[in-house]
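Below you'll find the structure, written out as structure tokens, and then a few comments.
The values are calculated or read from the model by the stated rules, or taken from the named source; none is laboratory data. If you're wondering where the values come from, they're calculated on a predicted model, not measured in any experiment. A quick note on method: Cβ atoms are made from the backbone with ideal geometry, for glycine too, and the neighbour counts reach across all protein chains shown.
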Amino acid sequence: MKNKGAAFFSGGIGMGVAIGVALGVAMDNLALGIALGVAIGSGLGSAGMAAINKKAEDGKDDDDKSPD
């Protein structure tokens, strides 16, 4: 089984940093905003990975025909 959820982690970090930079600029504290964004993005990415991997384990994902 391929790990199709791995891309969600880096994508989540990227989105989180973008959100964090926006919050940091708005709050005039960029360092805190970036750190907060990485934390938010890590959570989003991990949740996305878990959802994709759960879907693959349940057998709902018929795209992967290769054996484990």
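Within the bounds of the stretch 9-19, is there any residue that is modelled with pLDDT of 85 or more, part of a helix (DSSP H, G or I), more than 26 Å from residue 53 (Cα to Cα) and small (Gly, Ala, Ser)? Checked the stretch 9-19: no residue is modelled with pLDDT of 85 or more, part of a helix (DSSP H, G or I), more than 26 Å from residue 53 (Cα to Cα) and small (Gly, Ala, Ser).
If you go through the stretch 38-59 one residue at a time, do you hit one that is modelled with pLDDT of 80 or more, farther than 20 Å from residue 7 by Cβ and either outside any helix (DSSP H, G or I) or not small (Gly, Ala, Ser) (or both)? Checked the stretch 38-59: no residue is modelled with pLDDT of 80 or more, farther than 20 Å from residue 7 by Cβ and either outside any helix (DSSP H, G or I) or not small (Gly, Ala, Ser) (or both).
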